[in-house]
Amino acid sequence: MLAAYVRGRAAGNPGATGSALVAVEHIGSPSVPGLAAKNIIDIMAGVESLDDAPRWIAPLTELGYHYMAELEAQFPERRYFNKGTVEVPTHHLHMVELTSEFWHRHLLFRDYLRSHPDAAGEYAELKRRLASQHDDIDDYTLAQTDFITGIERTARALKA
């Protein structure tokens, strides 16, 4: 729905949004078939420049997304939106530059897991184990870093 809305909005009113949104990708665990995941959809929206992000705030707000400007200092490489409530989010939207390392890393990881079911199974087991060990979401996320960066290195090597 987001991609169709954005395309229609850009086509119907280019002055309001322009054509700066150049790609939309489903990322995160739910984007890998069969992978254990929270009930939150992660979306990565690629823009030519983060300077274009402000023009998307109103259209995304119309779709029920909330712009989290307070996170820009913590995550300068992206603009973050969520949908749902703070307590029960349903969607995370990460607006990033299409040429950024963030964009490439997330697609490398997702695509590798999609094409390597054994690695996806290892990741699912790691996620389950870490979820039972960590109450804090930041600790849980940080504990996945070594596995994720290892997959990214392997995926990069295969593309070289």
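The values are calculated or read from the model by the stated rules, or taken from the named source; none is laboratory data. Because the structure is a prediction, the values reported are computed rather than measured. So basically every Cβ, Gly included, is an ideal-geometry build from the backbone, and we count neighbours across all protein chains shown.
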Among the numbered conditions (1) among the β-branched types (Val, Ile, Thr); (2) under 17 Å from Glu25 (Cβ atoms); (3) in contact with a strand residue (DSSP E or B) (Cβ under 7 Å, 6 or more places away or on another chain), tell me where Ile57 comes up short.
(2)
Go through the stretch 24-38 and give me each residue that's assigned to a loop (DSSP other than H, G, I, E, B) and over 10 Å from the mean Cα position of the chain (by Cα).
Val32, Pro33, Gly34, Leu35, Ala36, Ala37, Lys38
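Only helices (runs of 4 or more DSSP H) wholly contained in the stretch 66-160 count here; list those with 1 or more residues that are surrounded by fewer than 16 Cβ atoms within 10 Å (Cβ to Cβ) and of a type in the set (Gly, Ala, Ser). Talk me through it step by step, then tell me what you get.
Numbers: elements: 101-115, 117-133, 137-143, 145-159.
Hits in the stretch 66-160: 101-115, 117-133, 145-159.
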Output for Cβ contacts, cut-off 8 Å, separation at least six or different chains, first residue within 18 Å of Ala131 (Cα to Cα) and hydroxyl-bearing (Ser, Thr, Tyr) in the stretch 14-41, second modelled with pLDDT under 90 and surrounded by 12 or more Cβ atoms within 10 Å (Cβ to Cβ), reads Ser29/Leu35; Ser29/Ala36; Ser29/Ala37; Ser29/Lys38
Listed residues His106, His116; which is touching a strand residue (DSSP E or B) at 6+ places or on another chain (Cβ under 7 Å), of a type outside the set (Lys, Arg) and under 15 Å from Ser29 (Cα atoms)?
His106
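Hey, among the residues in the stretch 39-64 that are part of a strand (DSSP E or B) and in contact with a Pro (Cβ under 9 Å, 6 or more places away or on another chain), which one's nearest to His104 (Cα to Cα)? Please lay out each step first, then the result.
First pass over the stretch 39-64, keeping only residues part of a strand (DSSP E or B): 41-47.
Right, trim to in contact with a Pro (Cβ under 9 Å, 6 or more places away or on another chain) and you get 41-42.
Values: Ile41: 19, Asp42: 15 Å.
Step by step, filter the stretch 39-64, then rank; the result is Asp42.
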